[in-house]
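What follows is a single structure, written as structure tokens, with notes after it.
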Amino acid sequence: MDNKKITHNLLTKLKDWWKKGSIFKGFRITYDVIWNVILFFIIAGVVGLFFAGGVGAGYFASLVKDEEIRPRENMERDIYNYEETSELFFTNNVYLGELNSDLFREEITLDEVSKYAKDAIIATEDEYFNSHNGVVPKAILRAVVQEATNASVKTGGSTLTQQLIKNQILTNEVSFERKAKEILLALRLERFFDKDEILEAYLNIVPFGRNANGRNIAGIQTAAQGIFGVDAKELNLPQAAFIAGLPQSPSYYTPFRNNGQQKGTDGLEPGLNRMKSVLNRMLESEVINEEEYQEAIHYDIVADFTEPEPSTLDKYPYLTNEIKERATDILTQILAEEDGYTKEDIDNNEILEEEYTILAKRELTQRGYRIHTTIDKQIYDKFQGIAANYDNYGRDKPVIDHETGDPVLVENPETGENEVLMEPVQVGSILMENSTGKIISFVGGRDFEIEELNHATDARRPNGSTMKPLLVYGPAFEEGVMQPGSIIADTDTEFQYPGMPEPWNPGNYTGRNYGLVSVREALYKSHNVPAAKTYMQIINEDPVSKYLLKMGFTSLTEGDHSNPSMALGGVTNGVTIEENTNAYATFGNGGNFVDAYMIEKIETLDGELIYEHETKTEEVFTPQTNYLMIDMMRDVLKRGTATAARANLTNPNVDWSGKTGTSNDWYDTWFVATNPNVTMGIWMGYDTPKVLDSGYSNRNVTLWAQLVNAATEINPELLAPSQQFERPGGIVSRSYCVTSGMLPSDLCNELGLVKTDLYNVDSVPNERDNSLIKGRYVTIDEEAYIAGENTPEEFVKEDGIAFNPEWLKENEYDQLDDISELIPANTGVWSDIEIPSTEEVANDEKDPEPPSSVTHTGDSLQWEESTSKDVVGYRIFEADDPDSSFTLMGSTTELEFTISNSRAVYQIKAIDYFGHESIASEQVVVGDFSEDSGDETESDEGNESDKSNDSIPDIPGIGGNENDNESGNENQDDSDENNGSNNSDESNLEE
């Protein structure tokens with residue numbers, strides 16, 4: 001009962017609370033709050049969207065503000081302009097051929113494409129193609145979000161229309177500006193063209209990887225024929241699906257390698273998986289049914305791939321590629337300038353450079369130009385034949401992995417077995433006209449199939465000693481530091497220069513030094529040490545900037561400016577054959593540099609001239625310096641390192657002047673030479689640097705001569721001018737002393753040490769030679785010293801010739817470890833010149849030590865030299881018998897003496913620089929005195945008495961006690977050690 005009452009009371013209260021409206025009031029308040037919050041966010045969102053839209057629209061407008069409004073005819077020309085091919089010409093308007101695009105393409109109409117192919121492309125690349133107006137907003141938004149969040153998987157947002165715009169009008173540049181222009185142009189294109197027109201254009205331009213020839217292909221017809229050997233209209237479903245999957249990543253999904261061979265199982269798998277993805281999309285789009293899908297999924301598509309065929313190469317691959325590259329550079333600059341950019345803008349901005357390079361390439365392959373070159377067809381054809389058939393390049397060698405040191409192995413496609421990868425000696429050569437810079441002909445390599453690199457224009461290698469005229473001797477002449485008759489000491493030398501991690505010892509390629517040599521001889525014999533010493537005298541003048549940069553070297557580094565090994569061609573990035581030859585053409589052009597070129601002019605098919613080369617010159621060397629270099633380099637062919645070149649010329653009287661060169665470790669061999677009309681350079685070496693076989697230089701210069709002979713036969717007026725290099729004013733001929741390079745002294749003339757050479761009149765030597773002296777000198781330990789006032793006359797050479805000690809000091813030759821290095825080997829009169837010490841002989845006020853180990857052989861006495869360091873000679877004393885007194889019978893500076901008496905007793909004394917005489921050596925008895933003496937005991941006693949007799953004034957020290965003999969033995973031992981050391985030194989010096 002109570003419970004019912006309680007329940008009743010509770011219900012009554014709830015009714016009263018409900019009637020009062022309290023619950024409604026609470027709900028209404030909550031509702032109002034929630035609604036106001038939601039309304040606030042809705043309003044804020046709408047405002048934000050409008051604001052973001054406004055900002056986005058403004059940003060979009062800013063990106064496309066410079067994009068001109070293109071009329072229909074212009075867009076039609078751009079979209080369908082993939083037919084006009086540029087034409088190439090040799091010099092004199094001789095037709096060369098068409099400039100092939102990087103992509104092989106055949107145009108077809110849309111009705112010639114199978115329905116499967118069209119459906120597959122649309123389902124894969126643009127599922128909303130038939131309904132959108134050029135762009136798909138949600139796809140663009142998705143792509144923007146993925147880009148902003150840096151998503152690992154990006155699906156892209158481009159329609160077929162946008163892809164067409166990118167490929168035919170814009171570039172592949174990744175930027176918001178390019179994307180905005182792409183969107184704008186896609187919308188405009190859709191206004192002008194129907195879907196079939198857009199699809200047809202797309203199918204004709206899209207890349208599809210490679211065909212069975214290994215050639216890059218574009219267009220559905222080219223892909224159908226190149227991959228499956230059928231026309232586009234014959235493609236079945238799986239074939240169409242495979243091809244439709246290729247554009248996303250043509251090189252990755254293509255079934256063929258760049259040599260035309262079919263990829264292996266692993267290489268084919270990505271393309272097969274991509275085909276299945278395409279079939280899935282077609283099924284989802286309902287353009288195929290489940291039955292068709294299953295049949296296509298299980299289709300053996302690999303069996304349909306066409307068999308690889310041999311690549312069909314152009315007749316002029318090196319030349320065509322080179323023309324295309326140079327024409328692209330020219331058009332890049334023209335197009336950029338049309339848009340208001342300078343060459344510096346393009347060179348310093350990679351994005352701009354990429355954009356205009358793409359546009360230039362498109363212009364070449366689509367606009368149709370006539371490109372006229374400087375190449376002589378006859379000479380070029382002849383060069384290719386000679387290079388291909390030359391039979392003396394040297395051996396093929398294995399390619400070595402530089403990390404492991406092991407030969408590189410490659411799979412033999414026929415046997416499937418690994419074989420050592422071999423490579424041949426490669427060659428590059430270029431011929432150009434001095435006065436204009438025209439490239440007349442070149443050799444890009446031995447075979448384009450072996451190596452596509454153009455070794456004449458693109459391969460960079462150290463240029464070895466061909467650098468010496470350009471950077472060392474030419475600049476040294478120009479700076480007034482050297483002349484052809486200047487003398488340099490070719491001695492073993494180490495150089496230390498700021499920034500060098502360790503001393504540099506250049507050494508000569510022969511492994512030996514040549515003493516005092518003229519600059520002329522140092523050049524034509526290609527000695528390295530004189531070049532290095534000369535360069536160190538001018539390196540602080542920055543000859544790299546003052547000379548090399550003016551001659552067209554484009555890849556020099558900051559370090560090259562201060563690197564001493566630049567004197568010998570140690571260029572950090574190397575140089576091209578074109579650059580090296582072009583620099584030498586400066587000598588052929590009177591010291592004036594003219595940049596080499598190959599494109600004479602470019603005109604449209606209608607004859608409108610859009611480019612014509614203008615020749616510009618820049619003086620590098622004065623006429624005097626230039627002629628001195630020309631004259632010195634003549635000797636390289638006449639009596640230097642390139643005599644084989646001259647010997648193989650059919651016109652040896654042509655005035656050729658040049659220089660050979662070899663890089664470190666004999667990796668590269670060079671020869672560049674110029675005559676009054678043309679310059680030709682040649683290089684040989686392996687693409688992966690390795691040692692060339694012996695005889696490399698002769699092989700190289702011989703091929704150079706063969707190329708010159710062939711060109712001369714075709715154009716003798718150009719290649720074999722009758723005129724010589726003209727000698728300018730300001731050049732005089734003067735005699736000089738070959739020891740110093742100074743004006744000859746009487747003594748220099750008397751010795752026949754005089755030569756004559758050419759000089760710049762402003763740099764003629766004006767001082768008389770002081771390197772030689774004639775007079776009194778003696779020899780101490782094989783080193784000459786000027787005789788002193790107390791030096792015994794019998795050891796003095798009165799009429800000897802010696803280098804002047806003061807001159808040796810002035811030129812710091814006294815700092816050499818061995819001053820005899822100054823004497824050239826096997827040069828006649830030089831061997832009579834003594835090298836006096838620049839140090840004074842120290843007077844120790846002591847008598848010298850006597851000679852030791854005196855022996856008798858036949859009619860000759862021999863002994864070991866005194867251990868004293870100031871001995872100038874030896875006196876020989878004779879006695880009739882052991883009991884007689886000794887008398888002086890002769891003297892010598894040698895360690896032996898001829899005797900005529902067959903029965904006598906001898907002893908030797910050493911004489912020093914100051915006239916001091918040693919005690920006598922031990923006696924040597926020659927002959928038998930037994931009949932004249934008593935018994936053995938008496939004879940011994942007599943001898944003992946004689947040996948101890950100190951009362952004979954003219955033969956001091958003959959006797960001696962036991963201690964004396966021990967002292968003598970010790971001296972003898974010391975003498976033997978010193979003698980051994982001296983012999984060792986002599987052996988090393990001779991080696």
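Each value in this text was obtained by applying a stated rule to the coordinates, not by laboratory testing. Nothing here was measured: the structure is a model prediction, and the numbers come from that model. Reconstructed Cβ throughout: ideal geometry from the backbone, glycine too, with neighbour counts over all protein chains shown.
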Practice item. Quickly rank 741-754, 577-590, 518-531 as a protection proxy: mean count of other C-beta atoms within 10 Å, highest first. Key: 577-590, 518-531, 741-754
Practice item. Kindly flag which residue pairs out of 638/797; 324/468; 166/233 have an alpha-carbon separation exceeding 30 Å in this structure. Key: 638/797; 324/468
**Study point:** Selection from 239, 203, 187 lying farthest towards where the dipole of segment 182-263 points positive, charges on Cβ
**Key:** 239
Practice item. Measure out, as a whole number of angstrom, how far apart the alpha-carbon centroids of segment 188-225 and segment 339-410 sit. Key: 28
Check your understanding: Looking at 346, 402, 386, which one has the Cα that reaches farthest to the positive end of the dipole of segment 316-409 (charges on Cβ: Lys, Arg +1; Asp, Glu -1)?
Key -> 386
Revision key, fill the gap. Put in order of increasing Cβ neighbours within 10 Å, starting from the fewest, 690, 324 give 690, 324
Review point. Rounded, prolate or oblate: which one fits segment 368-489, using the alpha carbon gyration tensor with axes a ≥ b ≥ c (rounded when a/c is under 1.5, else prolate when a/b beats b/c, else oblate)?
Key: oblate
Review point. How do the peptides 693-706, 541-554 rank, highest first, by the average count of neighbouring beta carbon atoms within 10 Å per residue?
Key: 693-706, 541-554
Exercise for review: Report the FRET efficiency, 1/(1 + (r/R0)^6), for residue 902 and residue 767, where r is their Cβ-Cβ distance and R0 is 60 Å, rounded to 0.05.
Suggested key: 0.50
Study note, to complete from the structure: Ordered by fewest other Cβ atoms within 10 Å, a rough proxy for footprinting exposure, 422, 684 read 422, 684
Study note, to complete from the structure: Residue separation between residue 727 and residue 404 times 0.36 nm, minus their alpha-carbon distance, gives in nm 110.7 nm
Check your understanding: Hey, can you rank 126-133, 768-775, 281-288, 845-852 by average C-beta count inside 10 Å, highest first?
Key -> 845-852, 768-775, 281-288, 126-133
Revision key, fill the gap. Shape descriptors of segment 779-916 over alpha-carbon atoms, Rg and Dmax in angstrom, are 17.5, 58
Review point. In which sequence would 427, 94, 517 go, from the one with the fewest C-beta neighbours within 10 Å to the one with the most?
Key: 94, 517, 427
